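Report on one structure; see the data block that follows.
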Amino acid sequence: MTTKQNITLIQRFDSKDGKLVVAHILVAFIALLIGGIAGLLQTMVKSGTIKLPYSIGYYELLTAHGVLMAIVFTTYFIIGFLYSGVSYTLGGKLLPVVHRMGWTGFGLMTAGTVLGVAMVLTGKASVLYTFYAPLKASPYFYIGLALLVVGSWISGWGLFYQYKYWKKTNPGKLSPLFAYMAVVTFLMWQIATIGVAAEVLIQLIPWSFGWVETINVMLSRTLFWYFGHPLVYFWLMPAYICWYVIIPKIIGGKIYSDALARLSFILLLLFSIPVGFHHQLMEPGISSFWKYVQVVLTFMVVIPSLMTAFSLFATFEINGRAKGAKGLFGWVKVLPWKDVRFFAPFMGMLIFIPAGAGGLINASNQMNAVVHNTLWVTGHFHLTVATSVALTFFGITYWLLPVVTGRILTLRMNKWGIIQTIVWCVGMFFMSGAMHLVGLFGAPRRTAFTTYENQADAANWMPYYVFMAIGGMVLFIGVLMMVVNVVAMLRAPKGVEAYPLGEAMESAEATPVYLDRWRIWIALSVLLILFAYTIPLIDMISSSVPGSKGFITW
């Protein structure tokens, strides 16, 4: 919240770039609202609280909730956020060609989103967000997905172009940390989405149109999870950007280490893609050796996450000590707890601790056998993307929208944001906590309300389903509060807010030049992918196992 005295010292955000950013953010929150409605109805049906009209199916709601929340909300928000930082740090505004690429990508993504969601809401694509074959949706659902991915590629190419132009006009200079992290994030996205693009274009669209009779189910799922797990890090890496680069500035401190931050992102690029088999540990048809290899690579991703945790809490403690904090945890008291721009992302950081621990369980072969395909997995998913990522994105919104629209965050909006964050955490405590517990008792995920013919074990699950519904209702209140605050920020008093970019500590080691050598890291990433996937994919393609016809079960 900017004072009048320092407004003149703040760089104004380019208005044209601001419109592009706002367009992405608004679509993201429209998706959040519609997806939240679907999620609320879903939890109430699951608990037996309500019955849906005959024209609305439970799995239709489940698909809409997953697609809108996990793919549409996150992708639009991430592109808007990264474009804002790249615009601000690489020249102060986007190049005209980049601006056009950003709007072209936005247009294709929006056309794909409208087409895909229309197919879901009209009952023609109740295949869940993983759209597993042999469940078969309308071909126009898959075309919508393809347009969404291609649009995101074009937006990513625009980001790369801006970065390359900056490097060309600033020879020998170290690129800004935000821009560097944005490039790594989109490099990972561009590489990872090759898998889902191949699945959709080569397998699903011809199959759904009836041009081919059967589909290779194992290959289809493998191509999805080649993309599916990196998708998690596509959500997390922008949150990490906020934690590394934005939060130090908001608390009045400095980034612990520029070099450590860049290295952690390079490690995420290397180890977030060749790990999809840990989602397929219970599936036959994949050699145990290759599953083992990818589980090992999965655990390598823990390293950059631990590096991030160390860097963040080092920043917090050093900042607190500089402000006179005493004792082992005295630095906690001087953190800006009443500033939603810090409070919301910090709660996301804290919740990522149990979320990460749950991920280690899911990636472990023996323990995964216990929780696989139960509500435990759904609970874990909601702690990661729906809490750690979502809360961080909410915290970003509270400063990003005022910055790019030339308005200010008022004290009332800030207070409302604090309350909204608490409401979200309470709702997730009930919903995700119940999911984890009942998952350990064997309750399956992806199922509507059923008593399993009054089976005794299923009856014991019902109280947990009720807690899930209570949590879902509280979370929906949080969605409404967030949407109201987004609208309020667009109508806030005019002013100029600073784009909160942190600086590295003077005592930090210089960043090694080799971290900026992209060919090395891209080549290593490709080599790891080829090592992890080449032989298994050859086996799947050349296998004599017959393909499957499509099924429509709704």
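Overview of results
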{"read-out": "Check on residue 376, of a type outside the set (A, V, I, L, M), in a helix (DSSP H, G or I) and in contact with an Asp or Glu (Cβ under 8 Å, 6 or more places away or on another chain)", "value": "no"}
{"read-out": "Single unsatisfied condition, residue 486 versus (1) of a type in the set (A, V, I, L, M); (2) in contact with a helix residue (DSSP H, G or I) (Cβ under 7 Å, 6 or more places away or on another chain); (3) at pLDDT below 95", "value": "(3)"}
{"read-out": "Subset of the range 127-183 that is hydrophobic (A, V, I, L, M, F, W, C) and at positive phi - its residue that is surrounded by the most Cβ atoms within 10 Å (Cβ to Cβ)", "value": "131"}
{"read-out": "One residue from 85, 36, 66, 48 being at positive phi and either touching a residue at least 24 places away in the same chain (Cβ under 8 Å) or in a loop (DSSP other than H, G, I, E, B) (or both)", "value": "48"}
{"read-out": "Flag for residue 199 being crowded, with 24+ Cβ neighbours inside 10 Å, farther than 26 Å from residue 90 by Cβ and charged (D, E, K, R)", "value": "yes"}
{"read-out": "Tally of residues being of a type outside the set (A, V, I, L, M) and buried (at least 22 other Cβ atoms within 10 Å of the Cβ) across the range 476-492", "value": "2"}
{"read-out": "Check on residue 205, modelled with pLDDT of 95 or more and over 17 Å from residue 301 (Cα atoms)", "value": "yes"}
{"read-out": "Yes/no for residue 451 being among the β-branched types (Val, Ile, Thr) and closer than 30 Å to residue 17 by Cβ", "value": "no"}
{"read-out": "Qualifying residue in the range 538-549 (condition: outside any loop (DSSP other than H, G, I, E, B), touching a residue at least 12 places away in the same chain (Cβ under 8 Å) and in contact with a strand residue (DSSP E or B) (Cβ under 8 Å, 6 or more places away or on another chain))", "value": "yes"}
{"read-out": "Residue within the range 293-304 that is surrounded by fewer than 18 Cβ atoms within 10 Å (Cβ to Cβ), in a helix (DSSP H, G or I) and either of a type in the set (Lys, Arg) or out of contact with any helix residue (DSSP H, G or I) (no Cβ under 9 Å at 6 or more places or on another chain) (or both) present", "value": "yes"}
{"read-out": "Residue list for the range 1-40, restricted to those being modelled with pLDDT under 95 and of a type in the set (A, V, I, L, M)", "value": "1, 7, 9, 10"}
{"read-out": "Residue pairs meeting the criteria (Cβ under 6 Å; at least 6 apart or on separate chains; first in a helix (DSSP H, G or I), in the range 114-136; second surrounded by 16 or more Cβ atoms within 10 Å (Cβ to Cβ) and of a type outside the set (A, V, I, L, M))", "value": "115/140; 115/144; 116/141; 116/144; 119/138; 119/140; 119/141; 120/63"}
{"read-out": "Count - residues of the range 204-218 that are outside any loop (DSSP other than H, G, I, E, B) and touching a residue at least 40 places away in the same chain (Cβ under 8 Å)", "value": "8"}
{"read-out": "Candidate set from the range 425-457 (those that are of a type in the set (Phe, Trp, Tyr) and without any contact (Cβ under 8 Å) to a residue 60 or more places away in the chain); member that is surrounded by the most Cβ atoms within 10 Å (Cβ to Cβ)", "value": "430"}
{"read-out": "Exclusive hit being more than 21 Å from residue 510 (Cα to Cα), aliphatic (A, V, I, L, M) and in contact with a helix residue (DSSP H, G or I) (Cβ under 8 Å, 6 or more places away or on another chain), set 187, 174, 260", "value": "187"}
{"read-out": "Test for residue 262: is it of a type in the set (Lys, Arg), in a helix (DSSP H, G or I) and either loosely packed, with under 14 Cβ neighbours inside 10 Å or in contact with a Cys (Cβ under 7 Å, 6 or more places away or on another chain) (or both)", "value": "no"}
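Here's the yes/no breakdown for (1) within 20 Å of residue 56 (Cβ to Cβ); (2) among the aliphatic types (A, V, I, L, M):
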site: 114; (1), (2): yes, yes
site: 120; (1), (2): yes, yes
site: 133; (1), (2): no, yes
site: 136; (1), (2): no, no
site: 148; (1), (2): no, yes
site: 158; (1), (2): no, no
site: 161; (1), (2): no, no
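The values are calculated or read from the model by the stated rules, or taken from the named source; none is laboratory data. Owing to the predicted nature of the structure, the values given are computational and were not obtained by experimental measurement. As a convention, Cβ positions derive from the backbone with ideal geometry for all residues, glycine included, and neighbour counts pool all protein chains shown.
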